[in-house]
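Here's the structure we're looking at; comments come further down.
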Amino acid sequence: MQLSEFSDYIGSLLEISRFRDYSPNGVQVEGRADIRRIATGVTASQRLLEAATAWGADAILVHHGYFWRNEDATVTGIKKRRIAHLLQHDVSLLAYHLPLDAHPELGNNAQLAVRLGLLAQGHFGEQDIAWHGELRQSQTLDQFAQQITHSLQRTPLYIGDSNRTLRRIAWCTGAAQSYFEQAVALGVDAFLTGEISEQNVHVAEETGVAFIAAGHHATERYGVQALGEHLAQQFKIEHRFFDMDIPV
Ligand SMILES: [Zn+2]
């Protein structure tokens, strides 16, 4: 499998040209042309790069790559070390940000919904990235938090009445806490995302809509994994997901 063919396929699968994003989607650092073994991970940290190259990856696919809008454009410090590692090993880095949140089957929000039994009914937020719908069956906030702990192997932080019954829910993986008030306006019982900010606590308390912070990393593990599995089947290549767990 040639890198160019591989990246063209993913680009059209995830419809990358449809999105206005904060970082480039597709090949960010070019390595060897021939792809037989792909590693996936949430973030292209040094830890992930080292694990993936030790395994012998030809390309690394991530949700959080490099070259974010507004970041210092120079290749210095940790960015220099990361890029040097990729170039020394002749390994490509491919990153997919918003297109991987949004994909209707392989995306982070779709995959989280499968894991938590959330039935999608619509979208909201910037570029329709966030989802809303219903729980498969009503349960209390405390029961739902326990289900999340079990499914994601991480205890969520939540703000709200633990005995409140939840039915309607809105969700967006990662750092989507700024969508909380839009979710409240939709009339949901709870909003689930990865991270929480101070002001979310007050909005939750004063509206009665529960806020659930289930972890940025924990909620975004599943899209890139589903993409890797899909590509492995499609192109008969090897895939391995590297879960570089972090507490956020
Ligand atoms: Zn993210």
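Each value in this text was obtained by applying a stated rule to the coordinates, not by laboratory testing. Just so it is clear, the model here is predicted, and its values are computed rather than measured. Here Cβ is always computed from backbone atoms with ideal geometry, including for glycine, and neighbour counts include all displayed protein chains.
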Rg to Rh, two decimals, where the range 1-41 supplies the alpha carbon set and Rh follows Kirkwood
0.97
GNM on the chain, Cα springs under 10 Å; top mean-square fluctuation among Ala218, Ala51, Ala110 goes to Ala51
Could you list the trypsin sites (Lys or Arg not before Pro) in the range 1-99 that lie in coil according to DSSP, counting only those with at most 10 other Cβ atoms within 10 Å of their Cβ?
Arg20, Arg69
Those trypsin sites (Lys or Arg not before Pro) in the range 167-248 that DSSP places in a loop and that have at most 16 other beta carbons within 10 Å:
Lys236
Kindly state, to the nearest 0.05, the FRET efficiency for Leu87 paired with Glu181, given R0 = 45 Å and r defined as their beta-carbon distance.
0.55
Per the helix-only model, the chain has a calculated mean residue ellipticity at 222 nm (DSSP H runs of ≥4, -39500 (n - 2.57) each, divided over all residues, rounded to the nearest 500) of -11000 deg cm²/dmol
Under a no-solvent Debye model with one identical scatterer per Cα of the range 1-134, what's log10 I(q)/I(0) at q = 0.11, 0.16, 0.22 Å⁻¹?
-0.43, -0.85, -1.30
Output for the range 1-104: chymotrypsin sites (Phe, Trp or Tyr not before Pro) sitting in coil per DSSP, at most 16 other Cβ within 10 Å, listed by number, reads Tyr22, Phe67, Trp68
Gaussian network model of the chain, Cα springs within a sub-10 Å range: biggest mean-square fluctuation belongs to which of Asn108, Asn200, Asn25?
Asn200
Give the range of the longest stretch in the chain that excludes all GluC sites (Glu not before Pro) found in loop regions by DSSP and having at most 12 other beta-carbon atoms within 10 Å.
106-248
Stokes-Einstein diffusion coefficient for the range 112-208 at 25 °C in a medium of 0.890 mPa s, Rh from the Kirkwood formula over Cα pairs: what value in µm²/s?
184
Of Thr74, Thr149, Thr173, which is the most mobile in a GNM of the chain whose springs link Cα atoms less than 10 angstrom apart?
Thr74
Over the chain: Kirkwood hydrodynamic radius from C-alpha pairwise inverse distances, Å:
18.7
Could you compute Rg(Cα) / (2.2 N^0.38 Å) for the range 53-191, with N its residue count?
1.30
What does DSSP give for the range 11-148 in terms of the percent of beta bridges that are antiparallel, rounded to the nearest 5?
50
note: the range 57-125, Cα-Cα separations exceeding 19 Å make up a percent value of 51
How big is the range 85-137 on each of its three principal axes, counting only the C-alpha atoms and giving the largest first in Å?
51, 24, 14
How big is the dipole moment of the range 147-233 about its Cα centre under a simple scheme where the beta carbon of each Lys and Arg is +1, that of each Asp and Glu is -1, and everything else is neutral? Debye, nearest 20, please.
300
